[in-house]
Amino acid sequence: MAEITVTVNGKSYTRDVEPRMLLVHFIRDVLGLTGTNIGCETSVCGACTILMDGQAIKSCTQLAVQADGSSLTTIEGLASNGDLHPVQEGFWEKHGLQCGYCTPGMIMASVDLLQSNANPTEDEIRHGLEGNLCRCTGYHNIVKAVQYAAEKMQGGN
Amino acid sequence: MYPAKFDYYRAASVQEAIQLLQDHEDAKLLAGGHSLIPAMKLRLAQPPAIIDIGRIAELKGVSHDNGSIKIGALTVHADVAASNVLKSNCPLLAEAASNVGDRQVRHKGTIGGNIAHADPASDMPAAILALGGTIHLIGPSGSRQVAAADFFIDLLATDLHEDELLTAIEVPAQSGKTGSCYLKFEHPASGYAVCGAAAVVTLNDDGACAGASLCFNGVTATPHNASAVTDALVGQALDDAAIDKAVDANLSISDPMGDMHASGPYRIELAKTFAKRALKLARDRA
């Protein structure tokens, strides 16, 4: 076992983990934060996307021990005081989901995208989210949701 | 999908990593983990020990010195793609890195891990070969440098010895009137290159070709250098017809890979098409 300390959504956790434990299992099974989903488990679908030190990563392709000392944000950490994050609000308003399975990862990847490109074009959104698969929406409303969030985050309505 | 059990060690320095490799037989180095962890989850790899080198700061970053650019092995693809030093002096490498995987993968996958893994469908090897790059290695008996042309030995096999660490990739800064291009036909689901083409073209003042290189990944087990094509271009005025003719007459790939995604002959046809597109775009950018 190895002892790791990570900050998740602002709260520090120290736990003993097996070195082979994947970060997504640590988040879900050890910390009980089940908002982060497991999809393909082969770093393709993006359902397990979280932010590690501010950058979107696929938590099924990281060992928990690799995250030692880092700061993570999961879908549970986005809303503040009950107010949805603009990206969450965008997915709500623009119907950016149907079954919802890809949504936590899709939202985390979108948050990361908007951090580096506050006003992406449609093409940049589609390219920026190429690491996240959705089998329901055909992506159109996801693009609209990200556009909604971009506008809102830049002070529009 | 858990990997098999292993012992975990974290190296704080290059020297410590070398020592750990000597102490633990069949140990594997872990950098970003984006080649190794998927292989371990599928039990294609079951190393008894993992040596995590991901925190060795001296192996990260891009530096430019005297016409030569050195990229630390632990530099992640996103940082290679965003590097102003590379975008100004060696845009081919930045362009190839921006094609690797997706946004999340580029945040974790490293250039050194990518090269050491030597996946034939990876985007980086052809670009590094086209640039005439050099791979820096270090082991218990010291450091050595290997030309990219000699580094890739076979499918997933390189000249990196079991007791060695890949520390950096060195490429020359481009000079003169030079343009480059990396293009690929990617597998629609995985994003891996079914055929990737890396081209560099340097023009004389009169617009004729002073030198060129063209390499492929995805087509053969190791990156393929189409030197017969580029040899035929030197000295010529590079209009579209000249490029088409040089590719059609000289591109010869005798040992293409074939699988369920694309047959060998189909990959060769892709190589021809992407060779022409990449050379023309590189010329236009020169």
Q: Using the structure shown, decide if A:Asn9 is at pLDDT 95 or above and under 21 Å from A:Asn132 (Cα atoms).
A: no
**Q.** Hits in segment A:35-66 (condition: closer than 19 Å to B:Asp102 by Cα, at the interface with chain B (Cβ under 7 Å from one of its Cβ atoms) and open to solvent by 10 Å² or more (accessible area, probe 1.4 Å))
**A.** A:Glu41, A:Thr42, A:Ser43, A:Val44, A:Gln55
**Q.** Subset tally (residues that are part of a helix (DSSP H, G or I) and either surrounded by fewer than 16 Cβ atoms within 10 Å (Cβ to Cβ) or without any contact (Cβ under 8 Å) to a residue 12 or more places away in the chain (or both)) for segment B:57-77
**A.** 2
Q) Condition test on A:Glu151, is it surrounded by 14 or more Cβ atoms within 10 Å (Cβ to Cβ), free of Cβ contacts under 8 Å to residues at least 12 places away in the same chain, part of a loop (DSSP other than H, G, I, E, B) and of a type outside the set (S, T, N, Q)? A) no
(Q) Looking at B:Lys87, B:Lys108 in this structure, which one is assigned by TED's automatic domain parsing to the domain that holds B:Pro140, in contact (Cβ under 8 Å) with a residue 12 or more places away in the chain and either open to solvent by less than 20 Å² (accessible area, probe 1.4 Å) or basic (Lys, Arg) (or both)? (A) B:Lys108
Q: Please verify whether segment B:130-141 includes one or more residues that are open to solvent by 10 Å² or more (accessible area, probe 1.4 Å), touching a Phe, Trp or Tyr at 6+ places or on another chain (Cβ under 8 Å), under 21 Å from B:Ala271 (Cβ atoms) and not small (Gly, Ala, Ser).
A: no
Q) Is it the case that some residue within segment A:85-99 is over 13 Å from the mean Cα position of the chain (by Cα), open to solvent by 10 Å² or more (accessible area, probe 1.4 Å), within 14 Å of chain B (Cβ to nearest Cβ) and hydrophobic (A, V, I, L, M, F, W, C)? A) no
Q. Does segment B:198-213 include one or more residues that are away from chain A (no Cβ under 14 Å), under 12 Å from B:Asp123 (Cβ atoms) and modelled with pLDDT of 95 or more?
A. yes
**Q.** Meets criteria (in contact with a strand residue (DSSP E or B) (Cβ under 8 Å, 6 or more places away or on another chain), outside the structural domain of B:Ala127 (by TED's automatic domain parsing) and modelled with pLDDT of 95 or more) for B:Ser227
**A.** yes
Q. Does B:Leu183 meet the test of being within 18 Å of the chain's Cα centre (by Cα) and not assigned by TED's automatic domain parsing to the domain that holds B:Gly218?
A. no
Q) Could you count how many residues in segment B:161-179 are open to solvent by less than 10 Å² (accessible area, probe 1.4 Å) and not aliphatic (A, V, I, L, M)? A) 1
(Q) Can you name every one of the helices (runs of 4 or more DSSP H) wholly within segment B:195-286 that holds 1 or more residues which are open to solvent by 10 Å² or more (accessible area, probe 1.4 Å), closer than 22 Å to B:Leu92 by Cα and not charged (D, E, K, R)? (A) B:227-233, B:264-285
Q.
Quick test for you: out of B:Ala157, B:Ala116, B:Ala147, pick the one residue that is hydrophobic (A, V, I, L, M, F, W, C) and buried (at least 21 other Cβ atoms within 10 Å of the Cβ).
A. B:Ala116
**Q.** Pairs, first β-branched (Val, Ile, Thr) in segment A:80-94, second open to solvent by less than 40 Å² (accessible area, probe 1.4 Å), C-beta under 8 Å, six or more apart
**A.** A:Val87/A:Leu78; A:Val87/A:Ile107; A:Val87/A:Ser110; A:Val87/A:Val111; A:Val87/A:Leu114; A:Val87/A:Ala145; A:Val87/A:Val146; A:Val87/A:Ala149
Q.
It is to be established whether one or more residues within segment B:231-253 are within 20 Å of the chain's Cα centre (by Cα), within 19 Å of B:Val100 (Cα to Cα) and at pLDDT 95 or above.
A. no
Q | Residue that is farthest from B:Ile53 (Cα to Cα), among those in segment A:61-92 that are touching a strand residue (DSSP E or B) at 6+ places or on another chain (Cβ under 7 Å) and part of a strand (DSSP E or B) | A | A:Thr73
Q | Residue satisfying all of: in segment B:78-104; at negative phi and outside any helix (DSSP H, G or I); nearest to the other protein chains (Cβ to nearest Cβ) among these | A | B:Asp102
Q: Would you point out the residue of segment A:106-137, among those that are in a loop (DSSP other than H, G, I, E, B), open to solvent by less than 40 Å² (accessible area, probe 1.4 Å) and not polar (S, T, N, Q), that is nearest to the other protein chains (Cβ to nearest Cβ)?
A: A:Gly131
Q: Could you tell me which of the residues B:Gly33, B:Gly61, B:Gly112, B:Gly72 is at positive phi and more than 13 Å from chain A (Cβ to nearest Cβ)?
A: B:Gly61
(Q) From the list A:Gly10, A:Gly69, A:Gly32, exactly one residue is open to solvent by 40 Å² or more (accessible area, probe 1.4 Å) and within 14 Å of chain B (Cβ to nearest Cβ). Which is it? (A) A:Gly69
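The values are calculated or read from the model by the stated rules, or taken from the named source; none is laboratory data. Because the structure is predicted, anything quoted here is derived from the model rather than measured. Note: ideal-geometry Cβ built from the backbone for every residue, glycine included; neighbour counts use all protein chains shown. Only protein heavy atoms, including side chains, enter the accessible area calculation; ligands, DNA and RNA are left aside. Shrake-Rupley method; radii C 1.70, N 1.55, O 1.52, S 1.80 Å.
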